[in-house]
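Have a look at the structure below, then the notes.
All of the numbers you see were taken from the coordinates with simple rules; none came from a lab. All of these numbers come straight from a predicted model, not from anything done at the bench. Cβ sites come from the backbone with ideal geometry, for glycine too, and all protein chains shown count toward neighbours.
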Amino acid sequence: MIQKLPILYLARHGETAWSLSGQHTGLTNLPLTEHGERNARQLGERLRGLTFAKVFTSPLQRAAKTCELAGFGAVAEIDRDLVEWNYGEYEGLRRAEILAKRPGWEIFCDGCPGGESPEQVADRADRVVKCARAANGDALVFSSGHFLRTLAARWLGLEPAAGSFFLLNTASLSALSYEHDLSQPAIELWNDTRHVTE
């Protein structure tokens, strides 16, 4: 008899004005754009038919609204560990602006002055992983790009720097699971945007 292994589904929030412009959006609480709201509803269509033992969302409105529009607002638990990376002095800046100040900067290795280090974000990700693994079934989380990329790295037992290898589009769906048993964490699906319209 084959045992069904639990899956942790990762839903990145829909488009915001700053995700569209390429500005780093950490704790700034921006709403979804109209396009972002439409894609959040389409994400809900993509998730239709799946059942979850637990649903968690970041308290930031871009993730919470995506969760609500996808149809999970009534069952989701707020988890502050799911907030996006605190970019500190780099909040609202584009990558080129940061590189002009600090050549060679890489968020997953260097973190952000006045914000979080990769290790601090990894600690939060580890708590989310522990909570998801204790869910006794599939779980679904709504959060933001850099945090979810770190979460994927930590799920796999990798250092936070490995988050740089996992690209994520807005309103994307990813799934973390296991290969043969619970000792072999793996990526089942990554950055699925088939449900998203341009």
For this session: Match the structure shown to one of the listed values (i) 1.24; (ii) 0.98; (iii) 1.60 of Cα Rg over 2.2 N^0.38 Å, computed from it, and give that label.
Result: (ii)
Exercise. Using a Gaussian network for the chain with springs between C-alpha atoms less than 10 Å apart, which of these wobbles most: F56, F108, F165?
Worked result: F165
Exercise. Ordered by residue, what ³J(HN,Hα) values in Hz, to whole numbers, does region 96-102 give under the Karplus form 6.51 cos²θ - 1.76 cosθ + 1.60, where θ = phi - 60° and Gly and Pro are x?
Worked result: 4, 5, 5, 5, 5, 7, 9
For this session: Kindly provide the helix-only [θ] at 222 nm of the chain, computed as the sum of -39,500 (n - 2.57) over DSSP H runs of four or more divided by all residues, to the nearest 500 deg cm²/dmol?
Result: -9500 deg cm²/dmol
For this session: Mind listing the long-range amide H neighbours of L176? Cut-off is under 5 Å, sequence gap 5 or more, other chains count too, H placed in the peptide plane at 1.01 Å from N.
Result: L8, Y9, L10, E188
Problem set entry | Relative contact order [Cα under 8 Å, 6+ residues apart], the chain, whole percent | 30 percent
Problem set entry | Lys pairs under 24 Å by Cα in the chain, provided they are eight or more residues apart or on distinct chains | 4
Exercise. Treating the beta-carbon of each Lys and Arg as +1 and of each Asp and Glu as -1, no other charges, what is the dipole magnitude of the chain about its Cα centre, to the nearest 20 debye?
Worked result: 300 debye
Exercise. How large is ³J(HN,Hα) for each residue in region 72-88, as worked out from phi by the Karplus curve 6.51 cos²θ - 1.76 cosθ + 1.60 (θ = phi - 60°), to whole Hz, x for Gly and Pro?
Worked result: 10, x, 6, 10, 6, 9, 6, 10, 5, 5, 8, 5, 5, 3, 7, 7, x
For this session: Could you please state, rounded to a whole Å, how far the C-alpha centre of region 13-31 is from the C-alpha centre of region 146-181?
Result: 20 Å
